[in-house]
Amino acid sequence: MSDSIIDVKNLTKIYGEHKVVKNISFSVARGEVFGFLGPNGAGKSTTIKMLTTLLKPTNGTIKLDGTNVIEEKNEARFSFGIVFQDPSLDDELTAYENMELHGVLYHLPKADRIKRSEELMKLVELWDRKDSLVKTFSGGMKRRLEIARGLLHHPKVLFLDEPTLGLDTQTRNLLWDYVEKLNKTEGMTIFFTTHYLEEAENVADRIAVIDDGKIIANGTVKQLLALTKTKDLESAYLRLTGKQIREEEVDPNEAFRSRVRSRRMR
Amino acid sequence: MEIYYLWLRQIKRYTRSKSRMIGAVGQPLLFLLALGYGIGSLYKRAGNGNYIEFLVPGIIIQTILFGAIFWGINIIWDKQFGFLKETLVAPVSRLRILMGSALGGSTTTLAQATMVFFLSMLLGFRPYNWLLVPLALIVAMLFTFAVTCFGAGLASRVNDFQGFQAINQFLIFPLFFLSGALFPIQGFPKALKIIASCNPVSYSVDAMRHLLINQGYFQLWKDLAVLGLMVVVMVWFGVSSFKKIET
């Protein structure tokens, strides 16, 4: 087994005539905290979907902890946990029931499931709310629960797709504290995306920048600063990707979700 | 194991939503009362006998048809609000995810139909032979499962509630009204008779009528054959549509 836990080669995704991801290759070392940055519509989410078996690539190979993600989906699914950009909890179930169902779906032995659920829910400070329905939780609490759930089945890699989106500074700091703790104590590899560049600068061992479907830079924060001759990651990032605002094509599902959300708030 | 827990999830969601429980029984009950008493006297005067007795099997099918299709909204909900992603990245086949959920949806729908059955007994309905009631229950189960899978299949293919609602209006209502659930097919004009004979729902209504009140339009073996075919086609439709979902 090699030192890298994620190995991506010539990954391409084409929707009709739209090339969203263009022949990208990169690898992530075991135990690394890897930041995957890029403007809206650059291909970040599409790449994460391919890495996590939700989307079939048009071309290329993905290896996760030695498993071929495209051909051995189910084996690959045991080895990662994911926190999606949008919440993916069942609101009508309690926090504990969400954990329980996850444990069952990942074939965790019952004793292990019970023990680890308690440990993880204590880690994210939700154990005293375990019997509350998730719909009564705040955005930050939901995110914490999702992290706990994503870790339940002892994954080797944790994917975090914009985990701090819409959270206040306190919650964001707390969340990164958990993540760093996990990375240190369990040696877990972390793959995350974010638009908050100071977060990436603080926590990432290595960063890849994707733009227009291609990886345009890949290295430690220091290397990126040296490459662009800048002093902080935000300047480096802007130097790399330009200042122009990106027009993202609207995903009909996303448009619908935001419509419902705004209606609920009224 | 995972099928059981996915089933249990549906049951929990259902029992926690009191309004959904009441609403699902309310519509068929309204039909039963309004039509039963409204048309009942006309029906009797026309020399056709007891209309409530005729109506109950149809109303049971109505409860199932609308309940099971409406359950499909759960799939849209899961798709739009993320929970579906959690199940789709889990090491569980889509077939199992769908079966667990659909069995849960079938159970709750069948519970509603059973409630309607007992409520109709309060209005004086009696099955003509209690020994055939278990058979009627099996017919109801198969029909429920078929429609649940159909609802799940539709929900997999549309992305918003409005689209789902439109299908409901333009497909399910006609299927229901042209099934002989409310009025005897014998009295339909020729063209409608042909349509009713092509409507799979007619055969389940007819089977229920054979088993509960010993009346029928088609032969029972035909009803059961169509029902069997319907189960196979609907499960296939549900599974193949659910497998195509991309997030």
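Just so you know, all these numbers are worked out from the coordinates, no wet-lab data involved. Values in this document were obtained by computation on a predicted structure and should not be read as measured data. Please note: Cβ atoms are built from the backbone with ideal geometry, for glycine as well, and neighbour counts cover all protein chains shown.
For the stretch B:166-247, which trypsin sites (Lys or Arg not before Pro) pass both filters: DSSP loop (anything but H, G, I, E, B) and at most 12 other C-beta atoms within 10 Å?
B:244
Once backbone amide H atoms are built at 1.01 Å from N, residue A:83 has A:159, A:160, A:161 as its partners under 5 Å, excluding neighbours fewer than 5 places away on the same chain.
Shielding by partners for peptide A:102-113, expressed as the average number of C-beta atoms from other protein chains within 10 Å of each residue's C-beta, is 3. In the calculated pair-distance distribution of the protein assembly as shown, the portion above 38 angstrom amounts to 38 percent of the Cα-Cα pairs. Rounded to the nearest whole Hz, the Karplus-based 3J(HN,Hα) values (6.51 cos²θ - 1.76 cosθ + 1.60, θ = phi - 60°) of the stretch A:3-16 follow the sequence 6, 8, 9, 10, 10, 10, 10, 6, 6, 9, 9, 10, 9, x, with x at glycine and proline. In summary, the lysines within cross-link reach of residue B:190, defined as a Cα separation below 25 angstrom excluding same-chain residues under 8 places away, comprise B:44, B:222. Applying a DSSP loop filter and a limit of 15 other Cβ atoms within 10 Å to the chymotrypsin sites (Phe, Trp or Tyr not before Pro) in the stretch B:93-165 leaves B:128. Taking the charge dipole of the protein assembly as shown about its Cα centre, with +1 at Lys and Arg Cβ atoms and -1 at Asp and Glu Cβ atoms, the residue from A:120, B:155, A:37 reaching farthest to the positive side is B:155.
If you wrap a convex hull around the C-alpha atoms of the stretch A:98-163 and split its volume per residue, what is the figure in Å³?
Each residue corresponds to 90 Å³ of Cα convex hull volume.
In this structure, the amide hydrogen of residue A:190, modeled 1.01 Å from its nitrogen in the peptide plane, lies closer than 5 angstrom to those of A:32, A:33, A:34, A:158, counting only residues at least 5 positions away or on a different chain.
Pairs of alpha carbons in the stretch B:1-153 separated by more than 19 Å make up 57% of all such pairs. Each residue of the stretch A:68-73 in turn: what ³J(HN,Hα) in whole Hz from Karplus with 6.51, -1.76, 1.60 and θ = phi - 60°, glycine and Pro shown as x? Ordered by residue, 3J(HN,Hα) equals 6, 5, 6, 8, 10, 3 Hz. Phi-derived couplings, Karplus 6.51 cos²θ - 1.76 cosθ + 1.60 at θ = phi - 60°, listed residue by residue for the stretch A:154-161: 6, x, 8, 10, 10, 8, 10, 9 Hz, with x used for Gly and Pro. What trypsin sites (Lys or Arg not before Pro) does the stretch A:155-242 have in DSSP loop regions with at most 12 other beta carbons within 10 Å? Loop-located and lightly packed - A:229, A:231. Under a 5 Å amide H cut-off, with hydrogens placed 1.01 Å from N, residue A:55 pairs with A:50 among residues at least 5 apart or on other chains. Packing around the peptides A:89-95, A:133-139, taken as the average count of other Cβ atoms within 10 Å per residue, puts them in this order, highest first: A:89-95, A:133-139. Note on chain B: with charges restricted to the Cβ of Lys and Arg (+1) and Asp and Glu (-1), its dipole about the Cα centre is near 160 debye.
Rounded to the nearest 500, the 222 nm mean residue ellipticity of the protein assembly as shown from helices alone is -18500 deg cm²/dmol, with -39,500 (n - 2.57) taken per DSSP H run of at least 4 residues. Taking the centroid of alpha carbons for each part, the stretch B:35-51 and the stretch A:147-192 are 67 Å apart. Which shape class, rounded, prolate or oblate, goes with the stretch A:97-224 when its Cα gyration tensor gives a ≥ b ≥ c as root eigenvalues, a/c under 1.5 marks rounded, and past that a/b bigger than b/c marks prolate? Judged from the Cα gyration tensor, the stretch A:97-224 comes out prolate (a/c at least 1.5, a/b above b/c). Taking label points 7 Å from Cα along the Cα-to-Cβ direction, residue A:3 and residue B:17 give a separation of 5.3 nm.
Seen from residue B:51, the other residues with C-beta closer than 12 Å to its C-beta sum to a net charge of +1, counting Lys and Arg as +1 and Asp and Glu as -1. Hey, which of these cross-link pairs are over 28 Å Cα-Cα: A:73/A:222; A:44/A:156; A:49/B:243; A:73/A:135; A:122/B:85? With Cα atoms farther than 28 Å apart: A:73/A:222; A:73/A:135.
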